[in-house]
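Below is one structure, written out as structure tokens; the observations come after it.
No value in this document is a laboratory result; all are computed from the given coordinates. As the structure is a computational prediction, the values presented were derived from the model and not from experiment. Cβ atoms come from the backbone with ideal geometry, glycine included; neighbour counts cover every protein chain shown.
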Amino acid sequence: MRRLVLGLLALALAAGCGRPPDRAVNAPQVTRTEPANARLAGLSTYPRFGDRDPHDWEGRKPWSYPVHGIDVSRYQGDIDWHKVRRSGVSFAYVKATEGGDHTDTKFRDNWRGAKAAGLKRGAYHYYYFCRPAAEQARWFIKHVPKDTNALPPVLDMEWNHRSRTCRTRPDGATVRAEARKFLNILERHYGKRPVVYTTVDFYRDTGIGRLSGTEFWLRSVAGHPQKVYPGRNWSFWQYSGTGQVPGVAGDVDLNTFRGSPESWLRWSGQI
């Protein structure tokens with residue numbers, strides 16, 4: 001009987017030692033995956049960022065997706081990219097060009113800073129409807145270096161309600177034809193098909209979603225893309241324009257990738 005009691009006591013102690021400690025209430029809301037793959041083990045997942053104007057989400061919430069990132073331009077000012085990465089951000093898209101004669105003044109700093117911090121980063125072009133697509137594509141190529149480790153380029157197509165120099169609103173067929181030209185030129189140069197970023201009204205007005213062989217990054221800050229863009233497959237979802245991320249002063253756009261950590265690493269060329 002004495003041996004039995006001692007044996008049971010030893011088993012209880014062993015079980016207690018193997019139990020994980022309770023998670024601290026104030027612990028950072030960032031987890032790291034723990035599979036055998038070293039790259040997955042270093043990927044921050046399921047971060048929760050602050051938001052100056054949060055939305056009360058119904059259905060599936062943005063933070064239920066594991067991989068998140070930001071997009072930035074000169075409006076974010078100087079960015080502490082190492083702090084951004086430590087906060088749980090996994091990728092960043094950086095504004096590079098607009099139209100055929102404008103470069104973002106913070107592009108070089110952001111392009112280099114994001115890479116130095118170990119973030120996957122890509123560049124985006126803001127489309128201007130008063131210049132030919134081919135001219136804009138050449139302007140982007142002139143200013144964004146080839147980097148096999150960079151994310152695919154992004155073509156940002158949306159109506160610019162504040163433009164003082166171009167109020168043109170082409171019909172849907174023209175928009176789609178020009179978009180194809182831009183995408184094809186960049187794909188030939190960089191070897192990667194660009195992603196198209198767009199907004200609810202632009203998507204509705206132009207039928208940009210009819211572009212075949214194209215991945216989409218959808219802005220939807222008041223509803224899940226499944227509801228706002230019914231039937232539309234997407235790769236990225238911009239769910240806030242008022243995010244608060246350590247390392248960035250003021251508001252910043254928050255985005256999530258649709259897939260799992262493994263699919264993110266495959267999509268971004270890390271495995």
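A Förster radius of 30 Å, combined with the Cβ-Cβ distance separating Asp78 from Arg204, puts the computed FRET efficiency at roughly 0.25. When DSSP beta bridges are restricted to pairs lying wholly in the chain, around 40% turn out antiparallel. For Gly122, the residues 5 or more places off, or on other chains, whose built amide H falls under 5 Å of its own are Ala92, Tyr93, Val94, Leu151. The angle between the Cα long axis of helix 172-190 and the main principal axis of the chain comes to about 60°, on a 0 to 90 degree scale. Around Ala134, with a cut-off of 14 angstrom between Cβ atoms, what is the net charge of the other residues, counting Lys and Arg +1 and Asp and Glu -1? Cβ neighbours under 14 Å give a net charge of +3. Computed from the C-beta positions of Thr174 and Gln226, the FRET efficiency with R₀ = 35 Å rounds to 0.75. Modelled spin labels at Ala249 and Trp159, positioned 7 Å past Cα toward Cβ, are 3.4 nm from each other. Between the amide H of Leu43 and those of Thr33, distances stay under 5 Å, these residues lying 5 or more places away or on another chain, with hydrogens modeled in the peptide plane. Here Rg and Dmax of the Cα atoms in Å was computed from the coordinates, and among (1) 18.5, 59; (2) 22.2, 92; (3) 18.6, 62 the match is (2).
Straight-line cross-link partners of Lys115 among the lysines, defined as a Cα under 16 Å from its Cα and at least 8 positions apart when in the same chain: Lys83, Lys95, Lys106, Lys146.
Between the beta carbons of Arg86 and Ala134, assuming R0 = 30 Å, the FRET efficiency works out to 0.15 to the nearest 0.05.
For Asn37, nonlocal amide neighbours, meaning residues 5 or more places apart or on other chains whose placed amide H falls under 5 Å from its own, do not occur. Couplings 3J(HN,Hα) for the stretch 129-134, derived from phi with the Karplus relation 6.51 cos²θ - 1.76 cosθ + 1.60 (θ = phi - 60°), are 7, 10, 9, x, 4, 4 Hz, where x marks Gly and Pro. Only alpha carbons enter this Debye calculation for the stretch 223-267, each as an equal point scatterer, and the log10 of I(q)/I(0) it gives at q = 0.19, 0.25, 0.31 Å⁻¹ is -0.74, -0.93, -1.02.
For the peptides 41-51, 159-169, 134-144, residues were scored by their other Cβ atoms within 10 Å and the scores averaged per peptide; the highest-first order is 134-144, 41-51, 159-169. Considering only alpha-carbon pairs that sit under 8 angstrom and 6 or more positions apart, the relative contact order computed for the stretch 69-267 is 21 percent.
Using the Karplus relation 6.51 cos²θ - 1.76 cosθ + 1.60 with θ = phi - 60°, the per-residue 3J(HN,Hα) values for the stretch 93-106 come to 9, 10, 5, 10, 9, 8, x, x, 8, 10, 10, 6, 5, 9 Hz, with x marking Gly and Pro. Cross-link partners for Lys142 among the aspartates and glutamates, with Cα-Cα distance under 15 Å and sequence neighbours closer than 8 places in the same chain left out: Glu98, Asp101, Asp104, Glu187.
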